[in-house]
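**Q** Before anything else, here's the structure in question.
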Amino acid sequence: MTQKMSRVLWIIAGAVLMIAGVICLLSPAAALAGLSFFLGTAMLVSGIVDLLIFALCYRSVAGAGWFLVDGILTVLLSMFVLCDQWFTALTIPFIFGMWLLCTGVSKVANSFELRRLGIRGWGWFTAIGILMTAAGFFSFLDPLSGIAAISAVSGCFLILEGLASILRGCFAFRFWL
């Protein structure tokens with residue numbers, strides 16, 4: 001797999017996540033009705049992209065192990081979301097919180113590995129990872145408020161995850177050893 005292909009895949013995954021986030025923000029009624037499907041599909045695409053990039057270039061990309069961890073967690077959570085949509089509608093703040101905590105921590109850990117390898121731009125991943133971890137933590141503090149504002153919260157979370165994926169695409173040329 002080439003550098004260009006990995007960049008394109010990450011940017012596509014980020015765009016899908018951000019589109020799902022914008023849909024949640026612009027159309028709350030439609031988002032609540034189909035949020036489980038949108039969320040599950042966006043998460044699945046993001047996880048598959050991370051797994052593909054790991055599988056095809058794990059020897060040539062710095063910090064590839066963290067892409068594997070993030071991809072596996074995201075695919076597993078997306079399967080849960082897609083398979084049990086009724087339960088998902090009731091527990092979205094917890095699911096998003098768990099997803100954001102896991103991916104945020106993995107992005108922070110990945111950024112420190114990138115720093116250790118001397119790769120420029122590692123601080124962006126630290127900042128995004130910290131924001132994602134904080135957002136995940138706050139979603140557990142008051143889940144009733146999260147349910148009341150589910151579309152807005154979901155939209156913001158998806159846009160954050162999409163931004164992180166697009167940043168991976170923008171900085172992908174720095175990951176290649």
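Bear in mind that the values in this text are calculations on the coordinates, not laboratory data. This is a predicted model, so every value here is computed, not measured. Every residue, glycine among them, receives a Cβ derived from its backbone with ideal geometry; neighbour counts consider all protein chains shown.
**Q** Averaging sequence separations of C-alpha pairs under 8 Å and six or more residues apart, then dividing by the length of the range 3-171, give the relative contact order as a whole percent.
**A** Here the relative contact order equals 36 percent.
**Q** I need V108, V49 ordered by Cβ neighbour count within 10 Å, fewest first.
**A** If I rank by nearby Cβ atoms, fewest first, I get V108, V49.
**Q** Mind sorting K4, K107 by how few other Cβ atoms lie within 10 Å of their own Cβ, fewest first?
**A** In increasing order of surrounding Cβ atoms, one gets K4, K107.
**Q** Just to confirm a number: summing +1 for Lys and Arg and -1 for Asp and Glu over residues other than A13 whose beta-carbon lies under 10 angstrom from that of A13, what do you get?
**A** Surrounding charge for A13 is -1.
**Q** Here is a further query. If you work out semi-axes √(5λ) of the Cα gyration tensor in Å from the coordinates, which of (i) 38, 17, 15; (ii) 24, 17, 16; (iii) 28, 16, 13 do you get?
**A** (iii)
**Q** Compute the distance from the alpha-carbon center of the range 8-24 to that of the range 46-70, in whole Å.
**A** Using only Cα atoms to place each centre, the spacing works out to 18 Å.
**Q** Moving on. How much net charge surrounds T74 when only the other residues with a Cβ under 9 Å from the Cβ of T74 are counted, with Lys and Arg +1 and Asp and Glu -1?
**A** Summing Lys/Arg as +1 and Asp/Glu as -1 gives -3.
**Q** Taking other Cβ within 10 Å of each residue's Cβ, how do R7, R59 sort, fewest first?
**A** R59, R7
**Q** Could you derive backbone 3J(HN,Hα) for the range 55-68 from the dihedral phi with the Karplus parameters 6.51, -1.76 and 1.60 (θ = phi - 60°), listing whole Hz in sequence and x where the residue is Gly or Pro?
**A** The phi angles translate into 4, 8, 9, 5, 7, 10, 10, 5, x, 5, x, 6, 5, 5 Hz.
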